[in-house]
Amino acid sequence: YYEGTWEPTIIADGSNPTFTYSQQVGRYTRRGRSVRVFVRISWTGVTGGSGNVIVTLPVIGQAGQLLLVENGNAFNFSSAPDWVNAYTYSSGVLIRSQRNNSVAGNLQVSELNTGGTHNIVVAGEYDV
């Protein structure tokens, strides 16, 4: 059993955006193969980048495990999703929007709000 912190960031699987972060909080607890995380990232500006948005994790887990997302006002979807989920991915957490009970798509860097203060909160438990 151990607990720790890390400084989470937002990356992309195309080219990485440049953020002006105002808060980067990452806390985790690992017990055996199970990892419980809480992430809060806030930013006041973002430029550049392309591809799927990925939130970094302290320990990479098995792909496809569901985590919860609170997006506040962080996303600028072309049409509002029914909900937003996060899934463990090869390099962190991949955020997906869902509409009409099916995956509408992965969150793209171009869908992140850029002006003002915005935040993403990710929480959950996954296996490594």
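The values are calculated or read from the model by the stated rules, or taken from the named source; none is laboratory data. Since this is a predicted model, take the numbers as computed values, not measurements. Glycine also receives a Cβ, built like all others from the backbone with ideal geometry; neighbour counts cover every protein chain displayed. Heavy atoms of the whole protein, side chains included, go into the accessibility calculation; ligands, DNA and RNA do not. Shrake-Rupley method; radii C 1.70, N 1.55, O 1.52, S 1.80 Å.
Here are the numbers:
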{"read-out": "Every pair of residues 6+ apart whose Cβ atoms lie under 8 Å, when the first sits in the stretch 16-28 and is free of Cβ contacts under 8 Å to residues at least 24 places away in the same chain while the second is outside any strand (DSSP E or B) and among the polar types (S, T, N, Q)", "value": "Tyr21/Thr9; Gln24/Thr9"}
{"read-out": "Restricting the stretch 20-43 to residues that are touching a Gly at 6+ places or on another chain (Cβ under 7 Å) and open to solvent by 20 Å² or more (accessible area, probe 1.4 Å), the residue that is farthest from Thr88 (Cα to Cα)", "value": "Thr20"}
{"read-out": "Residue among Ser79, Ser110 that is out of contact with any Cys (no Cβ under 7 Å at 6 or more places or on another chain), open to solvent by 40 Å² or more (accessible area, probe 1.4 Å) and either modelled with pLDDT under 80 or in a strand (DSSP E or B) (or both)", "value": "Ser79"}
{"read-out": "Scan of the stretch 32-63 for residues that are more than 16 Å from Ala86 (Cα to Cα) and either at pLDDT 95 or above or of a type in the set (S, T, N, Q) (or both), ordered by number", "value": "Ser34, Ser42, Thr44, Thr47, Ser50"}
{"read-out": "Gly105 at pLDDT 75 or above, among the small types (Gly, Ala, Ser) and out of contact with any Pro (no Cβ under 8 Å at 6 or more places or on another chain)", "value": "no"}
